[in-house]
Amino acid sequence: MFLSVFDMFKVGIGPSSSHTMGPMVAAARFLDALRASPFEFHGLRASLHGSLAFTGVGHATDRATVLGLAGFIPETYDAAKAEEAMAQIVKTKTVTPEGLGTLVFDPSNDLKFDFGPNLPGHANGMILMATDAQGDITFQETYYSIGGGFVMTADELARGKDTDEGAPVPYPFKSAAEMLEMANIAGKSIAQMKRANEISRGGTENLRAGTARIWQVMNDCIDRGMTHEGILPGGLNVRRRAKGIHDALIAERGMNLTAPHTINDWMSLYAMAVNEENAAGGQVVTAPTNGAAGVVPATIRYYLDHVPGASESKVEEFLLTAAAIGGLVKFNASISGAEAGCQAEVGSAAAMAAAGLCAVLGGTVEQVENAAEIALEHHLGMTCDPVKGLVQVPCIERNGLGAIKAVSAASLALRGDGQHLVPLDACIETMRQTGVDMSEKYKETSLGGLAVNIPNC
């Protein structure tokens, strides 16, 4: 099994990897399919199903789909150009994706929210259609946005094409048990094995430059979030708080009266800064999703800014270790809130961050696995019930608490010798089973929990 660090950490846009990035990626794949077709097309249609319908407006799923059909992709998304394109699409009721000419597409009529039963493959389903001049559908594909920006066609999902099984890699572990066994036999850390896998596919320079960019985008996102003020979009009137918290913490620096628990405020600040940017539709890195995008960068920033002897040269080690853990969770369970609740998002992110921090602090492979298990175990059962379908409440604060749990888990693991009762594999399987049993109300539909107990006005 191989999931690249660049699969787990993707540069994209907010507010949601599954509901914003995924539909945009699906639309791009659909356009590629049309370009490869021998037929000519006159117009486009789209329908959103399941969670993509129930929380689509709050997650800007409709906007992402429209822009995706116009040729935009998450990695190169330009907000100013997107605004211009949307205005033109609404005015002309057409899109002009490269290589396909002008296609009729009126978002108000040709994009439907279907609130009926989910499509059979996944809670995040969408159908994209191309029509001829008479309006008859001549080409159609079903896509599933399965979390973290990953997109699969119905056929790919049915065939189980969920991970890259391409060319062999040196250390193809599919479970934590295999990971530990390979590490001990080879005498390597998790990051060293992951690095060897990455280099075997993409080369040393690609890995170096790619991980450097990932951290740069993460860090820039923290910095932007700590400087911006105002009200987040969407109608809940949620105030940005990161700047105020940052200013207060800076003002308190050097005071002898500062309580030790203030360090928690710094960790929360870094995470909230990221997720406020995400909620505003800014550039973020999936880690492993947008809804949980603040946990890993906040933990890295905590390490660099507050841990004596920390070195930025270890950031790659952190990211590689975190990606290895995230890959195990995705392969054996889920990172999708629509599939397994927030335990799959912030829970996975906390496990990844705990493992990464434990690794750069000198933990053994057993301690790293223990750190990941502790962090995930104490997110089990966590629901995804965003108020008004927005990635704001409880999501922003939850990332802060996820970072705090990650640091605590790493610290606890380092205080032990790596031996523990619950293996990470058992914890991941428990998370999967809990997700299966969890009511649909609590899986990113906004039909239960806080979403129905907090007024949307």
Across segment 33-63, which residue is nearest to the chain's Cα centre (by Cα) among those that are farther than 28 Å from LEU232 by Cβ and of a type in the set (D, E, K, R)? ARG45
Is it the case that SER348 is assigned to a helix (DSSP H, G or I), hydroxyl-bearing (Ser, Thr, Tyr), over 16 Å from LEU424 (Cβ atoms) and in contact with a Leu (Cβ under 9 Å, 6 or more places away or on another chain)? no
Evaluate segment 284-302: report whether one residue or more is closer than 20 Å to PHE318 by Cβ, more than 15 Å from the chain's Cα centre (by Cα) and not hydroxyl-bearing (Ser, Thr, Tyr). yes
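To keep it simple, each residue is scored yes or no on (1) without any contact (Cβ under 8 Å) to a residue 24 or more places away in the chain; (2) in contact with a helix residue (DSSP H, G or I) (Cβ under 9 Å, 6 or more places away or on another chain).
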| residue | (1), (2) |
| --- | --- |
| ALA70 | no, yes |
| ALA85 | yes, yes |
| VAL90 | yes, yes |
| ASN109 | yes, no |
| MET126 | no, yes |
Close pairs (7 angstrom Cβ cut-off, 6 or more residues apart or separate chains): in the same structural domain as ARG398 (by TED's automatic domain parsing) in segment 254-270, in a helix (DSSP H, G or I) and among the β-branched types (Val, Ile, Thr) anywhere: ASN264/ILE404; ASP265/ILE245; MET267/ILE404; MET267/VAL407; SER268/ILE404; LEU269/ILE245; TYR270/ILE222
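Residues checked against (1) touching a residue at least 60 places away in the same chain (Cβ under 8 Å); (2) part of a strand (DSSP E or B); (3) not hydroxyl-bearing (Ser, Thr, Tyr):
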| position | (1), (2), (3) |
| --- | --- |
| PHE39 | yes, no, yes |
| ARG45 | yes, yes, yes |
| LEU52 | yes, no, yes |
| GLY58 | yes, no, yes |
| VAL66 | no, no, yes |
| ALA82 | no, no, yes |
Report, by residue number, each residue of segment 360-379 that is buried (at least 24 other Cβ atoms within 10 Å of the Cβ) and within 20 Å of the chain's Cα centre (by Cα). ALA372, GLU373, ALA375, LEU376, HIS379
Looking at ALA349, ALA340, ALA344, ALA403, which one is more than 30 Å from LYS188 (Cβ to Cβ), buried (at least 24 other Cβ atoms within 10 Å of the Cβ), among the aliphatic types (A, V, I, L, M) and under 17 Å from the mean Cα position of the chain (by Cα)? ALA340
Condition check: surrounded by fewer than 18 Cβ atoms within 10 Å (Cβ to Cβ), more than 21 Å from THR364 (Cα to Cα) and hydroxyl-bearing (Ser, Thr, Tyr). Does SER411 satisfy that? no
Any chance segment 164-172 includes a residue that's under 25 Å from GLU75 (Cβ atoms) and either assigned by TED's automatic domain parsing to the domain that holds GLY435 or charged (D, E, K, R) (or both)? yes
GLY99 being outside the structural domain of ASN290 (by TED's automatic domain parsing), touching a Phe, Trp or Tyr at 6+ places or on another chain (Cβ under 9 Å) and of a type outside the set (Val, Ile, Thr): no
Among the helices (runs of 4 or more DSSP H) contained in segment 218-308, which hold 3 or more residues that are of a type in the set (Val, Ile, Thr) and modelled with pLDDT of 95 or more? 262-279, 295-306
Which residue, of GLY12, GLY22, is closer than 30 Å to VAL315 by Cβ and in the same structural domain as PHE150 (by TED's automatic domain parsing)? GLY22
Scan of segment 221-260 for residues that are among the polar types (S, T, N, Q) and closer than 24 Å to VAL57 by Cβ, ordered by number: ASN237
Boolean, THR289 is in the same structural domain as MET352 (by TED's automatic domain parsing), without any contact (Cβ under 8 Å) to a residue 24 or more places away in the chain and of a type in the set (Ser, Thr, Tyr): no
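The values are calculated or read from the model by the stated rules, or taken from the named source; none is laboratory data. Predicted model, so just to flag it, every value in this text is computed and none were measured. Neighbour counts are summed over all protein chains in view; Cβ atoms, including those assigned to glycine, are modelled from backbone coordinates with ideal geometry.
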